[in-house]
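Participant: Could you have a look at this structure, given as structure tokens, before my questions?
The values are calculated or read from the model by the stated rules, or taken from the named source; none is laboratory data. The structure displayed is predicted, hence computed values, not measured ones. No Cβ is skipped: glycine too gets one built from the backbone with ideal geometry, and neighbour counts run over all protein chains shown.
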Amino acid sequence: MAELADSGGPAGLSEVSSAVVVIDVLRAFTTTAWAFAGGAEQILLAGSLADALALKTRHPDWVSVKDGPPAPGFDTVNSPGHLRSLDLTGRTLVLKTTNGTAGALAARNAPLVLCAGFAVAAATARALAVHRVRRTTFVITGDDGLAEEDLACAQYIAGLAAGSAPDAELCLRRASRSVRAAEIAEGLRHGYPGIHPDDVPLCLEADRFPFAMRAVPTAPADGEPAYMTLRPHHV
């Protein structure tokens with residue numbers, strides 16, 4: 001059984017299912033998928049920009065990533081178009097975004113937390129089947145739980161997990177007409193930093209990668225802020 005849950009931040013989940021799939025299509029969990037495809041070993045999901053900077057300060061070799069324009073202390077931005085050009089082999093990334101990381105941290109107490117966008121949709125559905133999940137909550141992180149691109153992706157994954165054959169192209173068309181896709185296009189027209197021309201096309205490519213992405217709570221070292229660790233989950 002699957003249900004959609006609204007999560008606008010850490011307080012967004014009042015109940016925890018046996019599995020939670022946190023959706024952020026545009027762009028966090030497409031960016032992370034491309035980072036893993038580029039060789040990244042793990043991605044730490046930070047609760048705040050200050051926490052991300054603190055982790056970066058303690059580990060200067062880690063790659064720090066944030067939403068929006070470049071900023072001091074951060075190595076790059078939350079953009080699949082930008083990250084796909086980097087050699088991330090064996091690297092650890094620290095990521096803080098407005099919606100995706102907050103949604104994952106809100107679900108931290110669930111037995112199974114998967115982070116997803118269209119790029120890893122089929123693999124995410126396979127992971128739910130392999131883990132024999134009986135009840136899944138899909139957390140729609142964008143637009144206070146109303147983001148059309150996230151809803152379309154959640155419904156696509158839920159359909160695959162249920163054994164049906166959802167129309168991927170229909171779901172992708174819905175996502176392409178979303179408010180967030182339009183905002184990114186507008187940002188490109190005005191030269192807004194932190195956006196790559198290929199971001200939306202990369203985010204709206206279904207089943208590009210064969211792995212899911214699993215997030216687990218991690219006990220930080222002394223003096224480090226709390227975070228979750230995201231890794232590829234091969235099924």
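Participant: Of all residues in segment 66-85, which are touching an Asp or Glu at 6+ places or on another chain (Cβ under 9 Å) and farther than 12 Å from residue 27 by Cα?
Facilitator: Listed by number, the list holds a single entry, 84.
Participant: Can you run down the residue pairs with Cβ atoms below 7 Å, 6 or more apart or on separate chains, where the first is in segment 71-82 and under 23 Å from residue 202 (Cα atoms) and the partner is hydrophobic (A, V, I, L, M, F, W, C) and part of a helix (DSSP H, G or I)?
Facilitator: These pairs meet every condition: 76/83; 78/28; 80/34; 80/202; 80/203; 81/202.
Participant: With respect to residue 192, is the statement that it is aromatic (Phe, Trp, Tyr) and over 16 Å from residue 27 (Cα atoms) true?
Facilitator: Criteria not met by residue 192.
Participant: Kindly indicate which of 152, 215 is surrounded by 20 or more Cβ atoms within 10 Å (Cβ to Cβ), more than 30 Å from residue 41 (Cβ to Cβ) and either touching a Cys at 6+ places or on another chain (Cβ under 8 Å) or not basic (Lys, Arg) (or both).
Facilitator: 152
Participant: Pairs only if they're at least six apart or on different chains, beta carbon under 7 angstrom, first in segment 202-223 and within 30 Å of residue 58 (Cβ to Cβ), second part of a loop (DSSP other than H, G, I, E, B); list them, first residue then second.
Facilitator: Short answer, once both residue conditions are applied: 212/235; 217/108; 220/226.
Participant: Are any of the residues in segment 208-221 at pLDDT below 95, in contact with a helix residue (DSSP H, G or I) (Cβ under 9 Å, 6 or more places away or on another chain) and farther than 23 Å from residue 35 by Cα?
Facilitator: yes
Participant: Among what's in segment 218-234 and is farther than 26 Å from residue 30 by Cβ and of a type in the set (Gly, Ala, Ser), pick the residue that is surrounded by the most Cβ atoms within 10 Å (Cβ to Cβ).
Facilitator: 221
Participant: Going residue by residue through segment 103-120, is there one that turns out to be touching a His at 6+ places or on another chain (Cβ under 8 Å) and aliphatic (A, V, I, L, M)?
Facilitator: Within segment 103-120 (the criterion being touching a His at 6+ places or on another chain (Cβ under 8 Å) and aliphatic (A, V, I, L, M)), the answer is yes, since at least one residue qualifies.
Participant: Out of all the residues in segment 188-207, is one or more surrounded by 14 or more Cβ atoms within 10 Å (Cβ to Cβ) and either of a type in the set (Ser, Thr, Tyr) or touching a Cys at 6+ places or on another chain (Cβ under 8 Å) (or both)?
Facilitator: Checking segment 188-207: at least one residue is surrounded by 14 or more Cβ atoms within 10 Å (Cβ to Cβ) and either of a type in the set (Ser, Thr, Tyr) or touching a Cys at 6+ places or on another chain (Cβ under 8 Å) (or both).
Participant: Also: Within the group 139, 120, which residue is outside any helix (DSSP H, G or I), touching a helix residue (DSSP H, G or I) at 6+ places or on another chain (Cβ under 9 Å) and crowded, with 24+ Cβ neighbours inside 10 Å?
Facilitator: The match here is 139.
Participant: If you take the residues of segment 12-30 that are assigned to a loop (DSSP other than H, G, I, E, B) and touching a helix residue (DSSP H, G or I) at 6+ places or on another chain (Cβ under 7 Å), which of them is modelled with the lowest pLDDT?
Facilitator: Top of the filtered list is 12.
Participant: Can I ask one more? For a quick check of your reading of the model, give me the residue pairs whose first member lies in segment 167-195 and is free of Cβ contacts under 8 Å to residues at least 60 places away in the same chain and within 19 Å of residue 80 (Cβ to Cβ), whose second is among the small types (Gly, Ala, Ser) and in a helix (DSSP H, G or I), with beta-carbon atoms closer than 7 Å and at least 6 apart or on different chains.
Facilitator: 171/152
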